[in-house]
Amino acid sequence: MNLKIYIETYGCQMNVNDSQVAAAILEKAGCSVTENISQADVILVNTCSVRDNAEKRVLGRLEVFRLEKKKREGVIVGVLGCMAQRLKDELLKNGNVDFTIGPDSYRSLPAVISYIRDKGGKMTETNLSSTETYSDIDPVRVDSNGVSAFISIMRGCNNMCSYCIVPFTRGRERSRDPQSIVAEAEKLVKEGYKEVTLLGQNVDSYLWINPENTTDSVNFSQLLELVALACPDMRIRFQTSHPKDMRKGVLYTMAMYPNICPHIHLPVQSGSTRMLEKMNRKYTREDYLEKIKAIREILPDCSVTTDIIAGFCSETEEDHQQTLSLMKEVGFDSAFMFQYSERPNTLASRKYPDDVPDGAKTERLNQIIALQNELSLLSNQKCIGQTYQVLVEGPSKRSDKQMTGRTPQNKFCVFDAKDTKPGDLVYVKILTCSSATLMGEIVEQPKTLIEKAEDTIEEGLHEIKEKIIKSIARNKKPKDNE
Ligand code: 5AD
Ligand code: SF4
């Protein structure tokens, strides 16, 4: 099947990775990926259903694909991902769509495309699986920067947060075998990648049980350790953590391995325990703050970022104020902030009226965003004068004399390029900042604490030696107190 495939991706990092899996499956069947839509025989759009506006954006794109179909006869349009899973053949009624394939059915892509090409018609493949992890598929990292890559370590979600559509579109949680995860990370090292992010909806509930010996298992902190040991020169990140499941063991593992980046994305969603209960998050405000305390104790230089929903069902002004006060108490380094968007068939849509007026939702979201801007600025200001190891990702959008990269805490950083290239690890001293960006200059690698201690000892020894030499020169025994 020698077809040109164009893929557009919306939504989370998991979708970016899934598009790479889909590309790999199609390349294996003889297709090639093109970045030019006007050359494509097949247009794929990998979609997100998490909020209504994400779906609307895709529906808008489908209109653009209609034009491509008009221009060239035989062009096939397929919808992948969460919208395909949620809407199934309903989407096929849209004249622009030839097939829908859900997140667990990408292996059927070549068969579906070749059937439609040969015989015409429309198809939908949306069976959810309890075992599919695509562990044998080596993702084709089409739109990657060659420096930083993602590895899916699990799929699906069992949490049933009442507002969330993900458990319905991505199915039951299942963990991928650790051998294939480590092998994929090692392969990335060989290909020159310098950073890998381990992906899951809730990485803290990663649990692989050996099917041949069920007493043999690997949990998330063990997996982190396996990857950190196998790839000591690779930066390791992970997301997303869940406050109800994050254990101290993960924090200790992070503290033990310098190549595991000190950054935790820990979505809080709300600062009100009453809202958290309605959201079915299974932790209280106090539980969340306890987790933050543990992070601060075990990993003092760790950054913490979060997700927040404004205007969930029955949220009062008092609940909203609790969110603002929790944000201040934690001092998040950055956050993704959303208005609640009711999703069909979720627990919340069946049980609770979406009763916060749109105006109030927007007003609360704006207050949350304004506060987070202040907190992000404060957090960045604390970096001024400090030196961070930065992984260079590429030139800055504003000037090719400047490079960009990220600190271990995942803070975006801009600095004069000098002779650096993507993939280099440099040390950057921070000079100024905005709420979104650190700006600095490349400096020499700062000394470690041990090196500093060695310097002090050396200086002391040197001083003693000088005194002895002087006293010998004066031909007298050094006094005891010298
Ligand atoms: N409305 C608004 N935001 C949502 N999220 C998930 N579902 C919804 C929804 N129905 C947000 C949560 C989650 C992030 C990925 O998207 O904050 O952590
Ligand atoms: Fe959705 Fe909750 Fe699962 Fe995250 S943990 S994907 S918010 S159900």
Open item on the list: Binning at 10 angstrom from zero up to the longest distance, how are the C-alpha pair distances of the stretch 231-285 distributed in percent?
Closed with: 22, 42, 24, 11, 1
Task: Ratio Rg/Rh [Cα only; Rh per Kirkwood] for the chain - done: 1.05
- [ ] Could you list which residues have their amide H under 5 Å from that of Asn280, counting only those 5 or more apart in sequence or on another chain, with H placed in the peptide plane?
- [x] Ser162
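With all distinct Cα pairs included, what does the Kirkwood hydrodynamic radius of the stretch 245-324 come out to in Å, to one decimal, could you say?
Working: mean 1/r = 0.0734 Å⁻¹.
Every distinct Cα pair counted, the radius reaches 13.6 Å.
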- [ ] Enter the mean projected area of the convex hull around the alpha-carbon atoms of the stretch 117-275, in nm², rounded to one decimal.
- [x] 12.9
Task: In degrees, nearest ten, helix 317-330 long axis to first principal axis of the chain (Cα) - done: 40
Task: Inverse of mean 1/r across different Cα pairs in the stretch 314-403, Kirkwood, Å - done: 16.4
TODO: For the stretch 1-135, divide the Cα radius of gyration by the Kirkwood radius and give the resulting Rg/Rh value with two decimals.
DONE: 0.92
Open item on the list: Using amide H atoms built in the peptide plane, which far-off residues or other-chain residues are under 5 Å from Cys433 H to H?
Closed with: Met439
Task: Reduced Cα scattering model of the stretch 127-216, Debye log10 I(q)/I(0), q = 0.11, 0.22 Å⁻¹ - done: -0.36, -1.13
Task: Quotient of C-alpha Rg and 2.2 N^0.38 Å, computed over the stretch 325-459 - done: 1.48
TODO: Report P(r) for the stretch 208-358: all Cα-Cα distances, bin width 5 Å, range 0 to the bin holding the largest distance, values in whole percent.
DONE: 2, 8, 16, 18, 16, 13, 11, 9, 5, 2, 0
Task: Built amide H within the under 5 Å cut-off of Ser303, gap 5+ - done: His263, Ile264
Task: Computed Rg/Rh of the stretch 285-352, alpha carbon atoms with Kirkwood Rh - done: 1.05
TODO: Assuming a ≥ b ≥ c are the square roots of the Cα gyration tensor eigenvalues, decide whether the stretch 177-242 counts as rounded (a/c under 1.5), prolate (otherwise, with a/b larger than b/c) or oblate.
DONE: oblate
Task: the stretch 70-123 - convex hull of the alpha-carbon atoms, volume per residue in Å³ - done: 71
Open item on the list: How large is the translational diffusion coefficient of the stretch 1-44 in µm² per second when you combine the Kirkwood radius over alpha carbon pairs with Stokes-Einstein at 25 °C and 0.890 mPa s?
Closed with: 233
TODO: State the percent of C-alpha pairs, over all pairs in the stretch 265-308, separated by a distance greater than 16 angstrom.
DONE: 35
Open item on the list: Within 10 Å of each candidate Cβ there may be at most 11 other Cβ atoms; applying that plus a DSSP loop requirement, which GluC sites (Glu not before Pro) in the stretch 408-460 survive?
Closed with: Glu444
Task: Any cysteine of the chain lacking a neighbouring Cys Cβ under 4.7 Å - listed by number - done: Cys12, Cys31, Cys48, Cys82, Cys157, Cys231, Cys261, Cys302, Cys313, Cys383, Cys413, Cys433
TODO: Any of Lys429/Lys465; Lys397/Lys429; Lys56/Lys244; Lys291/Lys351 with alpha carbons more than 27 Å apart? Name them for me.
DONE: Lys429/Lys465; Lys56/Lys244; Lys291/Lys351
TODO: Rounded, prolate or oblate: pick one for the stretch 410-478, where a ≥ b ≥ c are the square roots of the eigenvalues of its C-alpha gyration tensor, a/c under 1.5 means rounded, and failing that, prolate if a/b is larger than b/c, else oblate.
DONE: prolate
- [ ] Convert each backbone phi in the stretch 173-189 into a coupling constant with the Karplus relation 6.51 cos²θ - 1.76 cosθ + 1.60 (shift: θ = phi - 60°), then list the ³J(HN,Hα) values in order as whole Hz, x for Gly and Pro.
- [x] 6, 8, 9, 7, 5, x, 4, 6, 5, 5, 4, 5, 5, 5, 5, 4, 4
Open item on the list: Please give me, ordered by residue number, the GluC sites (Glu not before Pro) of the stretch 1-98 that lie in loop per DSSP and have at most 10 other Cβ atoms within 10 Å.
Closed with: Glu35, Glu73
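Every number here is computed from the coordinates shown, using simple stated rules; none is lab data. Everything quoted here is computed from the prediction, not taken from an experiment. Quick reminder, even Gly has a Cβ in these numbers, built from the backbone with ideal geometry, and neighbours come from all protein chains shown.
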